[in-house]
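For reference, the structure is listed below as structure tokens.
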Amino acid sequence: MVVEIKKVGVVGAGQMGNGIAHVCALAGIDVVMLDISQERIDEGLVSIHGNMDRQIAKGTITEAQRDAALGLIQSSTDVNIFSDADLVVEAVSENEQIKRKVYTAVCPILKPEAILGTNTSSISITRLAATTDRPEKFIGIHFMNPVPIMELVELVRGIATDDATFESCRNFTEKLGKTNAVSEDFPAFMVNRILLPMINEAIYTLYEGVGSVEAIDTAMRLGANHPMGPLQLADFIGLDTCLSIMQVLYEGLADTKYRPCPLLVKYVEAGWLGRKSQRGFYDYRGEVPVPTR
């Protein structure tokens, strides 16, 4: 049966999780946001408030809309907060073992008819669903980053996802004002299957000395009319996330064209993960980002 999603649970208060909570609350949907510590939750709530203030400054929402939306967001470190949620969206890091632990904790709390969604950008929906008690009510709901700005949501059905779950989630994302693109359950789905090999190729272009960080980003911004250069975009996504998606593609499709660039591996091993760690292909510790190669 197709259900109207009136209350949404979000697992993870990071960049993706707080973005999902943000758009749900602005659409008038009750939201409960969970994370492992109050500190992480507080950081997520500060981000939501700041991002809504930016929307007010741009004239896209009013102060009254912001205040109403913030009033719809609850948060907790206790998984029991999900007991009456219609949909729970898992938005933790792109690591299959961590995601499985989340489902083990969350599934016993959910009401039988509740839908479980994952914001994974690359991992098999079918395989993740099989680790839960409700594979027919499990679906990929892949929001793009930053969630409040990006219009697309990739909806990905696993082999067991039933029609009612799919339709319920399609209606839900449309209520958020998003546009759906439906992807088959193949490694990295559509957007990242096309985008990440391009980023990986840009890193190879740097690795082989064809161009500098600045030259590569300028070339793609001005030569291909991309709003952001591929190395700058990699820093924004997070180099650890880029690497994990390339590994999913490489292992899942067994094609050497998806081999992660050794330079990407080296940066991740160094802990230079992009903006979130202050260093990646650019160094963000000063007033202006400076290329690190």
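The values are calculated or read from the model by the stated rules, or taken from the named source; none is laboratory data. Every value quoted in this text rests on a predicted model; they were computed, and no experiment measured them. Counting neighbours? That spans all protein chains shown, and the Cβs are built from the backbone with ideal geometry, glycine included.
Annotations
- Lone qualifier among 32, 46 - being of a type in the set (A, V, I, L, M) and in contact with a Gly (Cβ under 6 Å, 6 or more places away or on another chain): 32
- The stretch 203-213: number of residues that are in contact with a Phe, Trp or Tyr (Cβ under 9 Å, 6 or more places away or on another chain) and either of a type in the set (D, E, K, R) or in a helix (DSSP H, G or I) (or both): 3
- Which listed residue is touching a Lys or Arg at 6+ places or on another chain (Cβ under 8 Å) and of a type in the set (Ser, Thr, Tyr), from 250, 207, 258, 267: 250
- Hey, residue 167 free of Cβ contacts under 8 Å to residues at least 12 places away in the same chain, part of a helix (DSSP H, G or I) and not β-branched (Val, Ile, Thr) or not: no
- Qualifying position, being over 22 Å from residue 173 (Cα atoms) and modelled with pLDDT of 95 or more, among 46, 23: 46
- Residue 202 satisfies every condition listed in (1) closer than 20 Å to residue 95 by Cα; (2) surrounded by 22 or more Cβ atoms within 10 Å (Cβ to Cβ) except (1).
- If the condition is being surrounded by fewer than 24 Cβ atoms within 10 Å (Cβ to Cβ), of a type outside the set (A, V, I, L, M, F, W, C), in a helix (DSSP H, G or I) and in contact (Cβ under 8 Å) with a residue 24 or more places away in the chain, then the stretch 7-42 contributes 15, 38, 40.
- Restricting attention to the stretch 221-279, the residues being among the aromatic types (Phe, Trp, Tyr) and buried (at least 21 other Cβ atoms within 10 Å of the Cβ) number 2.
- Positions within the stretch 209-249 being among the hydroxyl-bearing types (Ser, Thr, Tyr) and farther than 15 Å from residue 121 by Cβ, in sequence order: 212, 218
- Flag: residue 69 matches the condition of being surrounded by 14 or more Cβ atoms within 10 Å (Cβ to Cβ), small (Gly, Ala, Ser) and assigned by TED's automatic domain parsing to the domain that holds residue 171.
- Residue match in the stretch 156-170 (condition: surrounded by 21 or more Cβ atoms within 10 Å (Cβ to Cβ), over 19 Å from residue 127 (Cα atoms) and among the β-branched types (Val, Ile, Thr)): no
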